[in-house]
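The values are calculated or read from the model by the stated rules, or taken from the named source; none is laboratory data. Fair warning: this is a prediction, and the values are worked out from it, not measured in the lab. Neighbour counts run over all protein chains shown; Cβ positions are idealised from the backbone, glycine included.
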C-alpha cells in the first residue's frame, strides 16, 4: 500500500517551485521550502538526538529504517530565516521547510535570495469564515439512548457504538488500550480538564502532553470543543454514562486546526503535528479533519487532486504511515453535496479512512464517498457517526453527527486490537479489520468494506502473528490461481533439500479446515490442494511449513 517516497518528494518539489515563482510583494503567511539538509548537526547514526526511545523502538519492531526524513530541518537554515525579521511558526522535517509570518515584503524577497532556499509559497488567510467540515456536523441531546451493561463495562450511552463493531470482547479480555499511545490532531480541546469522563485520564497520568501548532506556545484548551468530543469517543471512562473504545490508552492532544479560517496553513500544521506524534512514539494518529476547499479558492483541491499523492496533508500522512503509525482519518461530511468525495488526507492509500453509519448500520447521508480520483475504494470502513455519544462541556453527554466521531471510535478500538497483537504491522491491522468487515466480499465506494467486527479481526491477527512468515534462501514459492474456485496449487522452488511439506488452510476465525502433507521434492514442483468446492466464498489463510520454515499468505475463494 505504501508508495515510493521519491515520487512524492518530486511532486512536492515541483509544486513548491511553481508557487515560489510569482510571489511579488504579497505579505502574510508563508511556507519556505529548503533545498537540502546540508551542514546538519544531527546524524542518522544517532536517532536518539531527535526521536524518543519509543519512536526508535517502533522502527526497530517493524524493521523500518531511520531515514533523512527523520532528520530535523538544518538549524542554521531556520536561524537564517529568522534573521530576516519574520516570525517562525512550525518547522517540518518531512517536507523540509518552515511556515512563517511577516508583514514585510522585503523580508520575503531576502529569503528568496538565500542559497539554501528552494521556494517560498504564499498562504492567504481570510478570518471569520466558516469551516464547512465542522459546520456540517451537529450535536444535541436528541437521540441519546442508554444501554445495559455488556461484559466488563457498563457502557451507558456509548454501548451501541461499541457493540456495533463487536468491540466488547477485547475489553473483556483486558485489552483496553493499555500502553498504547494515541495522538489526537484537532482544532481545540475545550473543557477537557473539567469533564469528569476524563478524570482517570488525568489521575493515572495517561494524558502525556499537549502542543499547539496554531498558536505555538499557546494552549490547546481553547477555540473549539470539537477535540473534546472526538477524544471522548476513545478516552471516556465513566461507567454508566460513557466508556470510550480505548479507555486505558495514553494520549497526546495536538491542536493543528485553526477554527478562524480555512487554509493550506492548517495542512502544514497537520504535517508538523503528525511528525511530532511520530517523534514522541505515538502508535496511532486520529485526525477528524479534512481538506478540500479553502478561503483562497486558488488553493482549493479539485477532484483530480484527490489522488493520494498531491495534497500537503496527504503527503504528510503517507510519510506517517511509512513510519509504522496507524493513521485513522474521518472520511468527511460532504456526502450529500455536489462534491461528495473524501478529502485530504483521507485520500491517501495507506490511511484508514472512516465513514459514518447510524445505529442500524445504514450509511449516514452526509458521509463522504469514493472513489479517489485514481479509482481506489474509499472510505475503508464505517462506524457510528450518526447520533454518536460524545462528552459535553461539564459532566454529561451529547448526541453527535459527523464522521469526526466515527473515526475515533475506530482509532480507539484499533488500539485495543493492536495491543492484543503487538507483532502486527499497521497495515496488517487494517487488513484484518477490512477482511472481517460486513462487506469484505463486495466493498463499494459508499461504505468501503463495511462495518468492522473486531472479534473476528482479533482471530485473524491471532493466526497471522502466530504463523509468521520466515525468510529462507533455500525456498521460493507461489500460490495460483488466487482467487481460486475448486483448488489451488503451490509451486515451490527447492534448492535440492529433501524433507516434508505441510499445507494448512485456516478460516478467518483461526479454525484449521484443511491439512495436507507432502514429500518435498528438489527443483521446482507443484503441490495441489483440491476438493475445496464446498468452502464458502471469502478470504482464507494458507500456512505452508517447509522443513520448519513457515510462510503464510491470504487467498480468496470465489463461487
Within the stretch 257-267, can one find any residue that is at pLDDT 95 or above, under 17 Å from the mean Cα position of the chain (by Cα), closer than 23 Å to residue 319 by Cβ and part of a helix (DSSP H, G or I)? yes
Subset of the stretch 143-166 [closer than 15 Å to residue 405 by Cβ and either modelled with pLDDT under 95 or outside any helix (DSSP H, G or I) (or both)]: 143, 144, 157, 158, 164, 165
Count - residues of the stretch 487-512 that are free of Cβ contacts under 8 Å to residues at least 60 places away in the same chain, surrounded by 13 or more Cβ atoms within 10 Å (Cβ to Cβ), out of contact with any helix residue (DSSP H, G or I) (no Cβ under 7 Å at 6 or more places or on another chain) and within 30 Å of residue 436 (Cα to Cα): 10
Based on this model, can you work out whether residue 168 counts as more than 28 Å from residue 345 (Cβ to Cβ), in contact (Cβ under 8 Å) with a residue 24 or more places away in the chain and buried (at least 17 other Cβ atoms within 10 Å of the Cβ)? no
Among 254, 326, 289, 265, which is the only one that is in the same structural domain as residue 150 (by TED's automatic domain parsing), out of contact with any helix residue (DSSP H, G or I) (no Cβ under 8 Å at 6 or more places or on another chain) and crowded, with 22+ Cβ neighbours inside 10 Å? 265
Unmet criterion (only one of (1) touching a residue at least 60 places away in the same chain (Cβ under 8 Å); (2) in contact with a strand residue (DSSP E or B) (Cβ under 6 Å, 6 or more places away or on another chain); (3) outside any strand (DSSP E or B)) for residue 218: (1)
Residue count, the stretch 423-450 (criterion: touching a residue at least 60 places away in the same chain (Cβ under 8 Å), under 17 Å from the mean Cα position of the chain (by Cα) and in a loop (DSSP other than H, G, I, E, B)): 2
Using the structure shown, decide if residue 225 is out of contact with any helix residue (DSSP H, G or I) (no Cβ under 8 Å at 6 or more places or on another chain), closer than 15 Å to residue 404 by Cα and surrounded by fewer than 24 Cβ atoms within 10 Å (Cβ to Cβ). yes
Look through the stretch 87-107, keep the residues that are in contact (Cβ under 8 Å) with a residue 40 or more places away in the chain and more than 24 Å from residue 311 (Cα to Cα), and return whichever of them is surrounded by the most Cβ atoms within 10 Å (Cβ to Cβ). 102
Only residues that are loosely packed, with under 13 Cβ neighbours inside 10 Å and closer than 21 Å to residue 492 by Cβ: list them for the stretch 514-559, please. 515, 517, 519, 522, 523, 524, 526, 528, 530, 531, 548
